[in-house]
1. Pairs, please: C-beta under 8 Å, at least 6 apart or cross-chain, first residue under 17 Å from ASP26 (Cα atoms) and in the stretch 37-52, second assigned to a helix (DSSP H, G or I) and β-branched (Val, Ile, Thr)?
2. Name every residue in the stretch 7-66 that is in a loop (DSSP other than H, G, I, E, B) and among the charged types (D, E, K, R), in order of residue number.
3. For the stretch 38-59, how many residues are surrounded by 11 or more Cβ atoms within 10 Å (Cβ to Cβ) and more than 14 Å from TRP10 (Cβ to Cβ)?
Amino acid sequence: MNEDTLKGQWKQLSGKIQAKWGKLTDDDMKVAEGKREHLIGKLQEHYGLAKEAAQEHLKKIERALD
């Protein structure tokens with residue numbers, strides 16, 4: 001998979017994540033790019049989710065892209 005494909009997939013994923021989780025800023029998403037654990041931490045911080053719940057929400061969004 002080439003870099004352009006990966007960047008396109010990240011843009012799709014980040015757009016879906018921000019649509020669902022509106023408190024996440026563009027800056028949050030830029031920092032989180034390629035860093036799943038950082039994004040999970042931001043979901044926990046902004047929404048008070050347990051780590052497992054945040055991971056599960058991300059998995060659902062990722063599956064929707066497949």
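1. HIS38/VAL31; LEU39/ILE17
2. LYS23, GLU33, LYS35, ASP66
3. Qualifying residue count for the region: 15.
Readers should treat all values here as calculations from the given coordinates under stated rules, not as data from a laboratory. Treat the numbers as computed from the prediction; the structure is a model and nothing was measured. All Cβ positions, glycine included, derive from the backbone under ideal geometry; neighbour counts span all protein chains shown.
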